[in-house]
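The values are calculated or read from the model by the stated rules, or taken from the named source; none is laboratory data. This is a predicted model, so every value here is computed, not measured. Note: ideal-geometry Cβ built from the backbone for every residue, glycine included; neighbour counts use all protein chains shown.
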Amino acid sequence: ERKFAQIPKESVRAHAESIGISEVPDDVAAMVAEDACYRLREVMQASCQFMRHAKRKRLTAEDFNRALRWSNVEPMYGHNSPDPMVFRPTKDAELYFYEDREINLTEFAMETILPRNPGETTVKGKGFHFKELLSYSPALSEELVQYYDQVTRAILGGNEQLIKTALADLRTNSRISALLPYFVYLVGEVKSISHDLEALTRLLQTAQALIQNPHLYLGPYLKQLVASVMYCILEPLAASINPLNDHWALRDYAARLLAQICRSGCMSVEGLQKQLLLALQKVLVDPARPLCSHYGAVVGLTALGSKAVEDVLYPQLGTYWPFLQSWMEDRTISNAQAKADAHRVQGALLSAAELLLKTYQQNGSDPHAESSHESSPNQSPHHPDASDFTIGTFGHLLESGGTAGSNSGSHRRDKGPVPITQMYADLYSFFGDSLAVRVGNGAP
């Protein structure tokens, strides 16, 4: 039978009294002591993993601190000295303590021996492999490590059949819950490969597969996934520098994926949905952001449904349109690419206007009536018609009138629903006959 060091309940009482807690019952002290012993053994096991990974036989304080950080616990400070610690016993009790050496600051300041110049500051790069990350975790079995390595190699490789097989398994595998944080970390690498559209698409497909897996609980990792998707929607990717790269399709796909996350019922983090709308609106009204980011904001709002378009995009259109028009009417050769991007944004705005008016036409006098269309959380939307998303998870957030910014003649939600004739007239003043071709005369 293996024996472990035990923390006596008397030590628990002594520590409790030192922080002002007196008269700790015996059963409570015993339970705390037992739990503390278990936690210490757990941290020590992880510390030994770090020690063996560094090919050392001596456990250091830094190994222990790494184990604490791995467990999301604040590390210890002041114990990283390479010198051995010498403990001295007290005379009155069986208690040992570490005696701190006293330093005379006056003598130290007047010391004639100056410290050596450490040299110029330098920056060193370090490569990182995901399997190295997995080797630190004592909770993962060798089979899970191999599975993660094979799936990541397949997803980031060039074999289409292996990619499809790996993504299909991620959608249905019920035994990969322990690997969820590592796959979320993998998806977060979109920021470091923004020059590779194909790899970005693969990572978004990985995120979609995780969302579609009914056996995974995404709650603690939802913000990281949404942040990665929003990065692909809004940020000026390195691949967008080359006009031949179709980064517009990537933004469209990321916008549909964002809407799928919201539809699937995963949006359990309070306030996150409202933050998405505010983030999209903030990018749209910022003239310093590139037009590709404005395009991402428009397609993101369109994917989130007609209510998001009405409450966020429609009130800003009067202010934004002159800015966009100035780019579309620019005839200088140096701004030819920006002019083409502006027409992309115009097309996205036209699709948003079409969605809004068709929702009004379908629902008649009640533009926000609940749609009878059932959307499966395991099915990716293939078009921007997301009117069913106007109710449910987003509805109660938008009813509070969380839209900010200038109206410039547009109608506000706090004045009640806008009549469809007035809305059609407003939108027709921007898009003209291009809108009429898509939705007719605007009558329900």
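Looking only at the stretch 265-302, residues that are charged (D, E, K, R) and at pLDDT below 90 come to 2 in all.
Of the residues making up the stretch 286-326, those that are of a type outside the set (Asp, Glu) and surrounded by fewer than 18 Cβ atoms within 10 Å (Cβ to Cβ) are PRO287, ALA288, ARG289, PRO290, GLY318, THR319, TRP321, PRO322, PHE323, GLN325, SER326. In this structure, is GLU160 under 21 Å from LEU234 (Cα atoms), out of contact with any His (no Cβ under 6 Å at 6 or more places or on another chain), free of Cβ contacts under 8 Å to residues at least 24 places away in the same chain and among the acidic types (Asp, Glu)? Judged against the criteria, GLU160 is not a match.
Pull up the stretch 114-167, narrow it to residues that are surrounded by 13 or more Cβ atoms within 10 Å (Cβ to Cβ) and of a type in the set (Phe, Trp, Tyr), then point me to the one that is modelled with the lowest pLDDT. Among those residues, the one meeting the criterion is PHE130.
Here is the figure for the stretch 17-61: residues that are in contact (Cβ under 8 Å) with a residue 40 or more places away in the chain and loosely packed, with under 15 Cβ neighbours inside 10 Å total 2.
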